[in-house]
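What follows is a set of notes on a single structure, which appears directly below.
The values are calculated or read from the model by the stated rules, or taken from the named source; none is laboratory data. Since the structure is predicted, the reported quantities are computational estimates derived from the model, not experimental observations. As a convention, Cβ positions derive from the backbone with ideal geometry for all residues, glycine included, and neighbour counts pool all protein chains shown.
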Amino acid sequence: ARVSVRGALGVQSANGERVKVQGWIRSIRSQKEVLFLHVNDGSSLESLQVVADSSFDSRELAFGSSVEVQGQLVKSPSKKQNVELKAEKIEVVGSCDAKAFPFKYKERHPLEYLRQYPHLRCRTNVLGSVLRVRSEATAAIHSFFKPSSKIKVPEENFFNIPVFLTVSGQLHLEVMSGAFTQVFTFGPTFRAENSQSRRHLAEFYMVEAEISFLESLQDLMQVMESLFKTTAMTVLSNCPKDVELCHKFLAPGQKDRLEHMLKNNFLIISYTEAVEILKQASQNFTFTPEWGADLHTEHEKYLVKHCGDIPVFVINYPLVLKPFYMRDNEDGPQHTVAAVDLLVPGVGELFGGSLREERYHLLEQRLARLGLTEAYQWYLDLRRFGSVPHGGFGMGFERYLQCILGIDNIKDVIPFPRFTHSCLL
Ligand code: 4AD
Ligand code: MG
């Protein structure tokens with residue numbers, strides 16, 4: 001079983017349980033007969049001691065590299081910890097060049113120094129602790145105020161330098177998943193959408209998650225489906241009266257439609273299959289469906305109907321349609337990336353996500369083609385130092401509320417809607 005370091009260390013009387021642990025090497029010490037590694041995954045301050053026999057090839061096992069260790073959890077002979085992991089297999093997931101890596105083994109770097117490396121500092125003990133405390137405090141505040149609404153004032157100018165409002169927290173989340181393994185953020189997002197549609201805002205809230213050591217789109221889709229369903233069930237059980245009122249007065253029949261979504265497994269089709277389905281029905285559309293073109297709202301809604309009003313994942317989009325960070329499927333002439341959108345009844349696209357390109361050279365080529373290499377050196381660093389396969393998604397929170405409540409216009413599910421040329425409050 002895959003366990004977090006915290007989970008492994010929490011085992012009271014280890015007795016040879018077989019586990020797999022993934023994380024980053026915090027220290028490495030080799031003696032004549034044995035090799036000691038300390039592996040940390042951000043789940044707690046503690047690292048797990050891994051004991052291997054010195055015949056393991058340790059060339060790539062450097063401070064900072066990411067590893068996957070399989071073995072047996074046993075009682076530790078040392079007083080320092082209860083449990084240690086007797087390694088049977090150690091795999092380096094991403095190597096780390098100690099000379100270039102800005103942090104040195106055993107050195108205590110001052111905060112000012114760490115501040116120069118905002119994309120890597122979260123892998124140190126001190127920033128790890130600060131940010132775990134911050135996360136606990138955030139959770140405590142969330143539950144204290146729940147439900148709350150906030151007014152955000154976008155800043156045009158910050159310390160006299162022009163600033164930009166974020167369109168997504170994804171790239172920063174990738175920094176964090178490179179230390180804490182699994183992370184999420186939930187906050188306001190800004191887009192200059194020139195659209196009067198019923199599903200676009202200029203300021204909306206987005207739930208974003210990023211997961212390291214992720215193996216496949218399937219695993220990502222499971223998290224998405226589970227987030228969708230669990231949240232809905234919690235809402236249904238915590239405020240059934242409010243949900244009932246919305247359903248009854250705003251969307252007759254929505255109770256059954258929601259139940260239908262919750263009790264069925266979401267479907268999966270490829271972008272290529274989606275285009276085939278749409279082509280069969282092209283007389284219904286204003287925009288002619290075509291391989292290599294974006295899906296329009298009318299296409300998305302048709303696909304969901306076609307799937308019996310069950311949410312449907314559309315995967316593997318053409319590379320040309322998607323941003324540089326999505327993982328190349330390397331699949332020949334119909335070149336696709338490991339992207340996924342979840343389409344839902346009444347709304348269309350609710351989630352967008354992908355596996356990220358974790359391979360340095362492929363990412364560098366994509367950035368070079370766009371002339372972005374220089375601006376994204378820090379992002380490339382994440383692939384130079386202990387890179388791991390990872391992926392994530394974003395869910396539009398207002399669209400989610402629209403979908404479960406059956407509310408037609410997005411402006412009705414947010415206290416202060418801001419949209420094209422309209423920012424009344
Ligand atoms: O598909 P999007 O653009 O994906 C991203 O931004 C990724 N970087 C997220 C990630 O992987 N971490 O946006 C995600 C979702 C959309 O599926 C949609 O539900 C919502 O955000 N969204 C909007 N909601 C309201 N108004 C808008 N203008 C929106 N634009 C996107
Ligand atoms: Mg999208």
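Data overview
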{"read-out": "Segment 178-227, residues that are without any contact (Cβ under 8 Å) to a residue 40 or more places away in the chain and basic (Lys, Arg)", "value": "ARG191"}
{"read-out": "Meets criteria (in contact with a helix residue (DSSP H, G or I) (Cβ under 7 Å, 6 or more places away or on another chain), under 26 Å from PHE101 (Cβ atoms) and of a type in the set (Ser, Thr, Tyr)) for SER44", "value": "yes"}
{"read-out": "Residue within segment 164-183 that is modelled with pLDDT of 85 or more, assigned to a helix (DSSP H, G or I), surrounded by 15 or more Cβ atoms within 10 Å (Cβ to Cβ) and over 12 Å from the mean Cα position of the chain (by Cα) present", "value": "yes"}
{"read-out": "Filter result (in contact (Cβ under 8 Å) with a residue 40 or more places away in the chain and either touching a Lys or Arg at 6+ places or on another chain (Cβ under 8 Å) or closer than 22 Å to VAL93 by Cα (or both)) within segment 367-384", "value": "TRP378, TYR379, ASP381, LEU382, ARG383, ARG384"}
{"read-out": "Tabulated pairs, segment 110-134, first in a helix (DSSP H, G or I), second polar (S, T, N, Q), C-beta under 7 angstrom, 6+ apart or interchain", "value": "LEU114/THR124"}
{"read-out": "Segment 324-358, residues that are free of Cβ contacts under 8 Å to residues at least 12 places away in the same chain and touching a helix residue (DSSP H, G or I) at 6+ places or on another chain (Cβ under 9 Å)", "value": "GLU330"}
{"read-out": "Any chance ARG369 is at pLDDT 95 or above and either within 24 Å of GLN182 (Cα to Cα) or out of contact with any Phe, Trp or Tyr (no Cβ under 9 Å at 6 or more places or on another chain) (or both)", "value": "no"}
{"read-out": "Within segment 226-264, tally of residues that are assigned to a loop (DSSP other than H, G, I, E, B) and under 15 Å from VAL304 (Cβ atoms)", "value": "1"}
{"read-out": "Helices (runs of 4 or more DSSP H) wholly inside segment 312-425 that include at least 1 residues being within 13 Å of ligand 1 (Cβ to nearest atom) and surrounded by 23 or more Cβ atoms within 10 Å (Cβ to Cβ)", "value": "397-405"}
{"read-out": "Segment 192-236, residues that are small (Gly, Ala, Ser), more than 15 Å from ligand 2 (Cβ to nearest atom) and more than 13 Å from MET395 (Cβ to Cβ)", "value": "ALA192, ALA202, SER212, SER216"}
{"read-out": "Strands (runs of 3 or more DSSP E) within segment 12-80 that include 1 or more residues free of Cβ contacts under 8 Å to residues at least 40 places away in the same chain and surrounded by 14 or more Cβ atoms within 10 Å (Cβ to Cβ)", "value": "15-30, 34-40, 48-53"}
{"read-out": "Qualifying residue in segment 282-295 (condition: in a loop (DSSP other than H, G, I, E, B), aliphatic (A, V, I, L, M), under 25 Å from the mean Cα position of the chain (by Cα) and farther than 19 Å from TYR400 by Cα)", "value": "yes"}
{"read-out": "Residue check, SER387 of a type in the set (S, T, N, Q), more than 16 Å from ligand 2 (Cβ to nearest atom), in contact (Cβ under 8 Å) with a residue 24 or more places away in the chain and within 30 Å of SER66 (Cα to Cα)", "value": "yes"}
{"read-out": "Test: residue in segment 338-346 that is more than 15 Å from ligand 2 (Cβ to nearest atom) and modelled with pLDDT of 95 or more", "value": "yes"}
{"read-out": "Count of segment 89-117 residues which are surrounded by 13 or more Cβ atoms within 10 Å (Cβ to Cβ) and closer than 25 Å to SER13 by Cβ", "value": "1"}
